[in-house]
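Notes follow once the structure below has been shown.
The values are calculated or read from the model by the stated rules, or taken from the named source; none is laboratory data. Bear in mind that the values here come from a model prediction, so they are computed numbers and not experimental data. Neighbour counts run over all protein chains shown; Cβ positions are idealised from the backbone, glycine included.
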Amino acid sequence: MYRTIDLCAGIGGIRKGFELARGFNTVLAAEIDKYACKTYKHLYNQDAMNDLTSDVFKNKVVEIGYDVLLAGFPCQTFSRAGKKAGFEDKTRGTIFFHIADIIEKTKPKAFLLENVDNLISHDKGNTFKTIIEILERDLDYKIVGVKQNGYELEYTPSSFKRNTIDFGLPQNRPRVFIVGFSRFTYGSLVDDVVPNCLPEKRSKSIYEDLRDILQSNVDPKYYLSQGYVETLRKHKSNHKLKGNGFGYQILNEDPDKKITSNALLATGGSGKERNLVIDYIEEYVGRMVGSKKSPLNNRGIRTMTPDEWAYLQGFKGYAFVDKNGEDKFSFPNDISDAQRYKQLGNSVSIPVIEEIAKFMKKNLKELDKLC
């Protein structure tokens, strides 16, 4: 059983993917968002409220001991001030610096780092280049997708991207995944044994089409008011006149077309507005609901619900289904819809993580057998 630490843990999507791959056990977690921590405790019965940037937490990591570091860290610009070779000078003050510091202090056998897809273009590519150089050179890890050619590191940044849609869920969600294996632990074996490409797809779909996860008899609070629909139309029209493709999107207008959602976003609003669906219920048309300033729209346009987002991330309908077929995923009752959207939009698509975890487990076992 490989021991893992779960950093920038959110609501534990990365953790759950590794649990599904079997052979991994989380011994410590770190998350500073109190609402995410509440959901994490609800799902895993473990307190994740820890600040990974603190010396107190770093000492905990050193004391507890573990094998694999997991982190879905935020994308931040590096100052790159000064000329020193070490990562301290290049990245100080960023979350990545603190993760690198933990890796240097504890030397795990392997790690998985996850980030948004624009990490590879962030700061004109300098952020990603710095990260790869630190992990390969300063910390001496074999990074899957990187080849050393003398002093040069050869890699294609886009090869680090994987998309949820290729792993069994109908969501277009590209993300960057960086996997490393320790040369300190395994020496040159890592370069000989570990394949230089992460899994690119899942063999079997979980849901083929977005319609497979859409719910019926949805609460009217999820339906847009007529006034808001008009506002969205004007906003989209104004952007179109400027040559921009921004604006709301209704996914299921064409009944004959296979549909996939756009990426779910933690910011909520734009993530919901780019993922509208038509779900016409006649009795809802023209109804005044809650604090909406105009009646519900006459086409049955609504946002997807938090439960539907949970299906699109693999939380509902997959990751928490027990051996008896009962779905155990839920949020604490006092977590608001706004927080549910935020937590799911911030999370990972669990089946993608599961396939990467299986890849890592296979290679760790092979390396341990040869050592």
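A few comments on the model shown:
- Pick from the range 109-124, criterion out of contact with any Leu (no Cβ under 9 Å at 6 or more places or on another chain) and part of a strand (DSSP E or B), ranking: surrounded by the most Cβ atoms within 10 Å (Cβ to Cβ): Asn115
- Going through (1) part of a strand (DSSP E or B); (2) more than 28 Å from Glu308 (Cα to Cα) one by one, Pro195 falls short only on (1).
- One residue from Gly10, Gly65, Gly17 being small (Gly, Ala, Ser) and surrounded by fewer than 21 Cβ atoms within 10 Å (Cβ to Cβ): Gly65
- Residue list for the range 279-307, filter: touching a residue at least 12 places away in the same chain (Cβ under 8 Å) and part of a helix (DSSP H, G or I): Tyr284, Pro306, Asp307
- Residues being within 22 Å of Lys38 (Cα to Cα), part of a loop (DSSP other than H, G, I, E, B) and basic (Lys, Arg) - total across the range 308-362: 1
- Strands (runs of 3 or more DSSP E) lying entirely in the range 140-183 (those with 2 or more residues that are in contact with a Phe, Trp or Tyr (Cβ under 7 Å, 6 or more places away or on another chain) and farther than 30 Å from Tyr207 by Cβ): 141-143, 174-182
- Test: residue in the range 171-194 that is at pLDDT 95 or above, surrounded by fewer than 19 Cβ atoms within 10 Å (Cβ to Cβ) and within 30 Å of Ile301 (Cβ to Cβ): yes
- Those helices (runs of 4 or more DSSP H) of the range 1-108 in which at least 1 residues are at pLDDT 95 or above and in the same structural domain as Asp140 (by TED's automatic domain parsing), considering only elements entirely within it, cover 13-21, 34-44, 55-64, 95-106.
- Filtered residue count, the range 139-154, keeping only those that are buried (at least 18 other Cβ atoms within 10 Å of the Cβ) and not β-branched (Val, Ile, Thr): 4
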